[in-house]
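J.: Got a structure for you, questions after.
Values in this text are rule-based calculations from the coordinates and carry no lab data. All values reported here derive from a predicted model rather than from experimental measurement. Positions of Cβ are backbone-derived with ideal geometry, glycine not excepted, and every protein chain shown enters the neighbour counts.
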Amino acid sequence: MPLALVTGASFGLGAEFADQLAARGHDLVLVARSRDRLEETAERLRTAHGVQAHVVPQDLAEPDAADRIAHELAARGLTVDVLVNNAGFGTCGRFEEIDPRREHDQLMVNVVALVDLTHALLPGMLQRGSGAVLNVGSTAGYQPSPYFAVYSATKTFVFNFSLALREEYRGRGIKVTTLCPGPVETRFFETIGTRRAAVGGNFAAPEPVVRAALRALDRGRAYVTPGLSNQIVAHLTPRRPRTLVAAITKRITRPVLEPEPATQPATT
Ligand SMILES: NC(=O)C1=CN([C@@H]2O[C@H](COP(=O)(O)OP(=O)(O)OC[C@H]3O[C@@H](n4cnc5c(N)ncnc54)[C@H](OP(=O)(O)O)[C@@H]3O)[C@@H](O)[C@H]2O)C=CC1
Ligand SMILES: CC(=O)[C@H](N)C(=O)O
């Protein structure tokens, strides 16, 4: 069976990727920090889909995270066919008020670990002449986003990095697709600290978002943004003048500085 490695598989979109890939008959390697949660997911996938599910607990903010994962894969004799770089989190607010350590970790998880894991696994895919990389970006990456300065920049990085790789490996059996979702109902907003961080779209459930991502990967598409309002942001928003785009985006993202609304819908 083909083997897929999913980062951030303990919750949210990553757990959904693991479910849907297992339902398609993939064996899984599940990576995140929450060991218990990964073990539960792995057991559920084995029982429901009869696949092998391997748990590799790892903090992706650690500088040698990808090396450790690669070492673990080699020790267990596992060859990865599909890499889903999904793990990530956001920060928001006035830049000078955000904990620099948190921003640093965000860069490590959203950017450095994603590149390092791709370095670790892509050469094997090239040798075998087939493989797939699915990177999770965001609609936040389509433009500079004041009050999400670092988060949106990490997602712009993910998008441009993925587009460039896709072009480099065209014709060599490697698919590279970026999922750029708008707001999805996950723990993301608990972690970032406010549901006001859901900018410019309705909340989607993880299931259709992941389904759209895997369909796009099947078809070799460069990127996918599920949902009509998110597609308007993706395709119809002018890209320049860039300073004007940043100024307009600031008007849209500014509410993130205001207090959280009183009621909190449950998250998955
Ligand atoms: N929800 C949304 O509206 C949107 C989300 N995204 C992107 O989707 C991706 C998944 O987020 P989502 O499912 O929504 O959020 P969740 O908070 O539900 O899940 C985040 C996942 O990332 C993992 N993770 C976070 N930090 C680390 C770390 N240091 N080391 C290892 N794993 C880590 C978490 O695992 P653990 O805590 O166990 O380590 C968890 O499995 C992210 O890249 C996010 O930016 C993009 C657009 C919209
Ligand atoms: C959190 C996200 O990345 C999402 N695109 C949003 O705008 O809410």
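J.: Could you estimate the translational diffusion coefficient of the chain from the Stokes-Einstein equation, with Rh from the Kirkwood formula over C-alpha pairs, at 4 °C and 1.567 mPa s, in whole µm²/s?
T.: Result for D is 69 µm²/s.
J.: Please check: in the Gaussian network model of the chain (C-alpha springs, under 10 Å), which one of Ser138, Ser34, Ser152 has the largest mean-square fluctuation.
T.: Fluctuation is largest for Ser34.
J.: If you place +1 on the Cβ of every Lys and Arg, -1 on the Cβ of every Asp and Glu, and leave all else neutral, what size is the dipole of segment 173-244 about its Cα centre, to the nearest 20 Debye? Present the calculation step by step, with values, prior to reporting the outcome.
T.: On the way: 11 positive and 4 negative charges, 67 e Å.
Using only the charged Cβ atoms, the result is roughly 320 debye.
J.: Among Val158, Leu5, His26, pick out the residue whose Cα is farthest towards the positive end of the charge dipole of the chain, where Lys and Arg carry +1 and Asp and Glu carry -1 on C-beta, about the Cα centre.
T.: The listed residue farthest towards the positive side: Val158.
J.: Could you give the size of the charge dipole of the chain about its Cα centre, using +1 on the Cβ of each K and R and -1 on the Cβ of each D and E, expressed in debye and rounded to the nearest 20?
T.: 1080 debye
J.: Report relative contact order for segment 3-257 in percent, whole number only (criteria: Cα-Cα under 8 Å, sequence separation at least 6).
T.: 18 percent
J.: If you don't mind, another one. Note down the net charge around Arg195, summing +1 for each Lys or Arg and -1 for each Asp or Glu among other residues with Cβ under 12 Å from its Cβ.
T.: Net of charged neighbours comes to -2.
J.: How many angstrom lie between the C-alpha centres of segment 72-143 and segment 38-71?
T.: A separation of 15 Å, based on Cα centres.
J.: Let me ask you something else. Given C-alpha coordinates of segment 55-207, what is the ratio Rg to Rh with the Kirkwood estimate of Rh?
T.: For segment 55-207, the value is 0.98.
J.: Give me the net charge of Ala70's neighbourhood, meaning all other residues with Cβ under 14 Å from the Cβ of Ala70; Lys, Arg count +1, Asp, Glu -1. Write out the running numbers ahead of the final one.
T.: Working: positive: Arg68, Arg76; negative: Glu62, Asp64, Asp67, Glu72, Asp116.
Residues close to Ala70 contribute a combined charge of -3.
J.: What residues qualify as long-range amide H neighbours of Val184, i.e. H under 5 Å apart, gap of 5 or more or another chain, H built at 1.01 Å from N?
T.: Excluding prolines and chain starts, which carry no amide H, the hits are Ala204.
J.: Where does helix 149-168 land angle-wise versus the long Cα axis of the chain, in degrees 0 to 90, nearest 10?
T.: Value to nearest ten degrees: 50.
J.: Okay, moving on. Can you tell me the orientation of helix 12-23 relative to the chain, as the angle in degrees between its alpha-carbon axis and the longest Cα principal axis, to the nearest 10?
T.: Long axis of 12-23 versus the principal axis of the chain: about 30 degrees.
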